[in-house]
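Below: one structure, written as structure tokens.
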Amino acid sequence: MKLSTKGRYGLRALLDLAVHADGSHVSLYNIADRQQISVNYLEQVFSQLRKAGFVRSVKGAQGGYALAMQPQEMTIGGILRVLEGSLHIATEETSGENPLQDCIKKYVWDRINDSIDQVVDSITLGDLVEEYRSGQDYTMFYI
């Protein structure tokens, strides 16, 4: 499985929004500038996130985007599924007509897909915010 730039950049931009919002709206220009992502590309990504209820937008000079719910309520799996679609590596159906194919599906593809779902659904945007903020306490060493 390989995530597209939409999923990778979208998650990065959403984390940036969560880190920098501080109760106010954040412009896509500021997110794009900090993350070095095209504003036009972010407009497409945030349009999907808005329609899915992850962010809300406010128009005008003081407008921008804000999270539509608490970061702890947003799973990484939910975010990526909005931007990427299914995260499963294989979507074969069990036919009952090909026992070899059914065996591989059950013992390989289904288990991998379940593992992916378990990981991405167990991590929230809030977890990433906490991890990011804890990593900001770097010690500088000079030689």
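What follows is calculated from the coordinates using simple rules that are stated; it is not laboratory data. All figures in this text were calculated on a predicted structure; none of them were measured in a lab. Note that each Cβ is placed from the backbone with ideal geometry, even for glycine, and that neighbours are counted across all protein chains shown.
Which of rounded, prolate, oblate describes the stretch 1-83, given a ≥ b ≥ c as roots of the alpha-carbon gyration tensor eigenvalues and a/c under 1.5 marking rounded, otherwise prolate only if a/b is larger than b/c? In terms of gyration-tensor shape, oblate. Loop-located trypsin sites (Lys or Arg not before Pro) across the stretch 1-49 with a Cβ neighbour count of 11 or fewer within 10 Å are LYS2, with loop assigned by DSSP.
Charge tally for TYR29 (other residues, Cβ to Cβ under 13 Å; Lys, Arg +1; Asp, Glu -1): -2. Across the chain, C-alpha contacts under 8 Å between residues 6 or more apart give a mean separation that, scaled by the residue count, equals a relative contact order of 26 percent. The convex hull of the Cα atoms of the stretch 23-143, projected and averaged over all directions, covers 12.3 nm². Compute the distance in nm between two label points, each set 7 Å from the Cα along the Cα-to-Cβ direction, one at GLN70 and one at GLU43. Once both label points are built, they end up 3.5 nm from each other.
Listed from fewest to most Cβ neighbours within 10 Å, the set TYR65, TYR29 follows the order TYR29, TYR65. Neighbour counts of other Cβ atoms within 10 Å put VAL119, VAL129 in the fewest-to-most order VAL119, VAL129. Taking amide H atoms as placed 1.01 Å from N in the peptide plane, the amide H of MET74 lies under 5 Å from those of LEU125, GLY126, each 5 or more residues away in sequence or on another chain.
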